[in-house]
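Comments concern the structure below.
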Amino acid sequence: MHNAAIAHLGANYVYVPLPITAANLQSALEGLVAIGLRGFSVTIPHKQAIMPLLSDVSAIARQIGAVNTVYRTEQGWVGTNTDMAGFLAPLVALHPFWGDKTAVILGNGGAARAVVAGCRELGCREIWVVGRDRAKLEAFQHSWDSLDSLHIQPWEELPQRLASADLLVNTTPIGMYPHVHHSPLTEDDLARAKPGAIAYDLIYTPRPTQFLQHAAAHGWMTLDGLEMLVHQGAIALELWLGQPAPVEVMRQALLDQLSPSH
Ligand code: NAP
């Protein structure tokens, strides 16, 4: 999607994979300065390890606990995280006011941190994070200072929480290809939809997931992970090139790539 956008803009750049081992991260950063690189994406296993090696890290990347985008400034490499903004992009248009809304988030891993930050940004009245491991859930909650709206709930108690959810987000990998017949919730659970409620699955293969198919059948409005993926990439490209990204071109490139013929 980045190369499609670059071609569309007629810009003289290219987006390429650069496999780098943990031991070489520091020297790679120096080398990337030397070759005049404009910026780069960061993925597993470097999303946390890169933080101390950068000149600056944005507040949102610190809050999420991971850097996914790095760009050059005169002061050096600056790290940020575009997942929260990517998550929010398809949501903000749906409701003008979120202050009376309850969000229920399934999972407490890396993506859940961007989702909690997004729900905080929206101003949700209540944010419930549901997980299967109590110790991890408690550690997750403690890592968010003074976020009074954040609550945790064990997975077994999830069904009774659903009736109050205005936004239900799956941040677990349950239902991701090849396990396309798995779902984090049963059809019966999803029958408890509140009118106007939104089911959002961060997964983008398959589209839609079993979870979203069942949710749609029970009246939930549904969103899949493609928009988050497109927008987190578009925001990164804007940081690198300093100009608006052609979001539609990027979306189409992704759709082409994710189509079954690929
Ligand atoms: P992660 O850090 O590994 O977190 C996964 C979470 O799911 C953990 O809390 C884990 O619980 C929970 N989980 C896994 N299997 C479970 C099960 N069977 N029952 C209950 N909980 C379960 O992964 P991540 O980076 O957050 O990514 C999660 C998903 O989001 C992936 O499908 C990824 O593709 C998607 N994602 C999409 C985008 C996008 O742009 N659309 C961006 C980021 C991530 P434990 O901690 O108890 O193991």
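The values are calculated or read from the model by the stated rules, or taken from the named source; none is laboratory data. Keep in mind that this is a model prediction, so the values were computed, not measured. For neighbour counting, all protein chains shown are included, and Cβ atoms are generated from backbone atoms with ideal geometry for every residue, glycine included. Calculation scope for accessible area: heavy atoms of the full protein, side chains included, ligands and nucleic acids excluded. Shrake-Rupley method; radii C 1.70, N 1.55, O 1.52, S 1.80 Å.
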Check: Taking segment 153-192 only, how many residues are within 23 Å of the chain's Cα centre (by Cα) and without any contact (Cβ under 8 Å) to a residue 12 or more places away in the chain?
Finding: 2
Checklist line | Test: A245 is part of a helix (DSSP H, G or I) and modelled with pLDDT of 95 or more | finding: no
Checklist line | Filter result (at pLDDT 95 or above, open to solvent by 30 Å² or more (accessible area, probe 1.4 Å) and of a type in the set (A, V, I, L, M)) within segment 28-47 | finding: L37
Checklist line | Qualifying residues in segment 219-237 (those that are of a type in the set (A, V, I, L, M, F, W, C) and either touching a strand residue (DSSP E or B) at 6+ places or on another chain (Cβ under 6 Å) or away from the ligand (no atom under 11 Å from the Cβ) (or both)) - the one most open to solvent (accessible area, probe 1.4 Å) | finding: M221
Checklist line | Of all residues in segment 163-192 being in contact with a Ser or Thr (Cβ under 6 Å, 6 or more places away or on another chain) and within 15 Å of the ligand (Cβ to nearest atom), the one that is most open to solvent (accessible area, probe 1.4 Å) | finding: Y177
Next item on the list: Out of P208, P195, report the one residue that is touching a strand residue (DSSP E or B) at 6+ places or on another chain (Cβ under 8 Å), open to solvent by 60 Å² or more (accessible area, probe 1.4 Å) and either in contact (Cβ under 8 Å) with a residue 40 or more places away in the chain or not in a helix (DSSP H, G or I) (or both).
Entry: P208
Notebook entry, point to check: Quick check: anything in segment 122-143 farther than 24 Å from H218 by Cβ, away from the ligand (no atom under 12 Å from the Cβ), among the hydrophobic types (A, V, I, L, M, F, W, C) and surrounded by fewer than 22 Cβ atoms within 10 Å (Cβ to Cβ)?
Noted result: no
Note to self: Quick test of your reading of the structure: I50 fulfils all but one of (1) open to solvent by 60 Å² or more (accessible area, probe 1.4 Å); (2) within 21 Å of A111 (Cα to Cα). Name the failing condition by number.
What the structure shows: (1)
Next item on the list: List every residue pair whose Cβ atoms sit under 9 Å apart, with the two residues 6 or more apart in sequence or on different chains, where the first one lies in segment 104-116 and is open to solvent by 10 Å² or more (accessible area, probe 1.4 Å) and near the ligand (Cβ under 6 Å from one of its atoms) and the second, anywhere, is of a type in the set (G, A, S) and in a helix (DSSP H, G or I).
Entry: N108/A139
Checklist line | Count of residues meeting criterion [without any contact (Cβ under 8 Å) to a residue 12 or more places away in the chain and open to solvent by less than 10 Å² (accessible area, probe 1.4 Å)] in segment 54-78 | finding: 0
Next item on the list: From the list E138, E121, pick out the single residue that is out of contact with any Pro (no Cβ under 8 Å at 6 or more places or on another chain), at pLDDT 95 or above, acidic (D, E) and closer than 30 Å to A253 by Cβ.
Entry: E121
